[in-house]
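Working notes, beginning with the structure itself.
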Amino acid sequence: RRGFANDRLREVAGSDDYPGIVRATAVSLLAQPFGSNEYQLLESELGSPDPLVRIAALRQVRALPAEIRMRLPGARLLADPVRGVRIEAAAAYAGLSDLLPLEEARAFGAAAAEFRSAYEFLASRPDALIALATFEADEGDITKAVRWYEQALRIEPRAVTARANLADVFRSLGDEGRAEGLLLEGLELDENNAALRHALGLSYVRSGRPEDALIELRRAAELAPDNPRFAYVLAIALNSLGQPAEALGILREAHTRFDGDFDIAIALATVLRDSGDQEGAREVAHALARRHPEDRNVAALLQSLQVTR
């Protein structure tokens, strides 16, 4: 979970020597960005005889860009014999049913109904309401999404995911003020919530308040030192505001602690290059190339450093 283990995870996931729950866990822990080996494994595991493995593969598929989801054979699982797999497939292909072949589009309609039925049965739980809201947002029904998120917050005002996601919905509608208000309301309930601090910092960035944004992003990183994303975003913000030295310090420390994090490594190499440390940038870039030999961003970074693999 802290390093880059895709090679070993693929070995476990593809081996019949391990029970399904172990193989499914290995699939779930694969770290992006994916290369051809990971895509081949996902394609294979979408056809696994074990439903736990199929579900894990679908959850990875859900996080991929739409064009890649459409190329993988996950949509056929919309008609899987196992209800739990069908429900997961509905979540993975929400918002894409118009692009599916006719038979799979019909299967999506049935699977989507099962998804809604399953989670509405659990509607006294905020996590179920969040799942419903996320599904409806993916399907493009913002009114329903807002309703489910608001219901989750009525049940549990401290439901951070519901609050942050609802703020994102308001933001997508162009109502940044309402989004900020929702986050500030959450921080009144829990002033030390790192996720809300981080979300508020990003909101301030979009509102053109960089100094306020830095305060919140820095606080989030301090409150949750084990979250690599918070360190990465803070470093990017510092660098963009003309503070590359502090950004480098944060990226170096984060890279040491989260050696397998792709975004942190790319950012570190880029800031090192831009600050004139070509040798340091090459060292990080070569390590990235060994782990991600097919990634276009790594190739472009190496080319900018005028080196070959």
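Tabulated results
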{"quantity": "Residue order for Ile87, Ile21, Ile236 - accessible surface, 1.4 angstrom probe, largest first", "calculated": "Ile21, Ile236, Ile87"}
{"quantity": "Full-extension gain in nm, Ile21 to Thr161, via 0.36 nm per residue minus C-alpha separation", "calculated": "47.7 nm"}
{"quantity": "GNM result for the chain, Cα springs below 10 Å: residue of Tyr18, Tyr149, Tyr204 fluctuating most strongly", "calculated": "Tyr18"}
{"quantity": "Estimated vicinal HN-Hα couplings, Hz - segment 163-176 in sequence order (Karplus 6.51, -1.76, 1.60; Gly, Pro = x)", "calculated": "5, 5, 5, 5, 4, 4, 4, 4, 5, 5, 8, x, 9, 5"}
{"quantity": "Accessible area in the full protein assembly, largest first, 1.4 Å probe, for Asp141, Asp295, Asp7", "calculated": "Asp7, Asp141, Asp295"}
{"quantity": "Listed residues Phe135, Phe4 arranged by accessible area, highest first, probe 1.4 Å", "calculated": "Phe4, Phe135"}
{"quantity": "Of all accessible heavy-atom area on the chain, the percent that carbon and sulfur account for (1.4 Å)", "calculated": "49 percent"}
{"quantity": "At most 16 other Cβ within 10 Å, DSSP loop - GluC sites (Glu not before Pro), segment 204-309", "calculated": "Glu294"}
{"quantity": "Per-pair calculated FRET efficiency, R0 = 41 Å: Arg154 and Arg290 via Cβ, rounded to 0.05", "calculated": "0.25"}
{"quantity": "Computed lengthening from Asp259 to Glu120, 0.36 nm per intervening residue step minus Cα-Cα distance", "calculated": "46.0 nm"}
{"quantity": "Relative contact order (%) - criterion: Cα under 8 Å, at least six apart; region: the chain", "calculated": "11 percent"}
{"quantity": "Rounded accessible area of Ser36 (nearest 10 Å², 1.4 Å probe)", "calculated": "40 Å²"}
{"quantity": "Additional length obtainable on full extension of the chain from Asp226 to Glu185, 0.36 nm per residue less Cα span", "calculated": "12.3 nm"}
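The values are calculated or read from the model by the stated rules, or taken from the named source; none is laboratory data. None of the values given here were measured: they were computed from a predicted structure. A quick note on method: Cβ atoms are made from the backbone with ideal geometry, for glycine too, and the neighbour counts reach across all protein chains shown. With ligands, DNA and RNA removed, areas are computed over all heavy atoms of the protein, side chains included. Shrake-Rupley method; radii C 1.70, N 1.55, O 1.52, S 1.80 Å.
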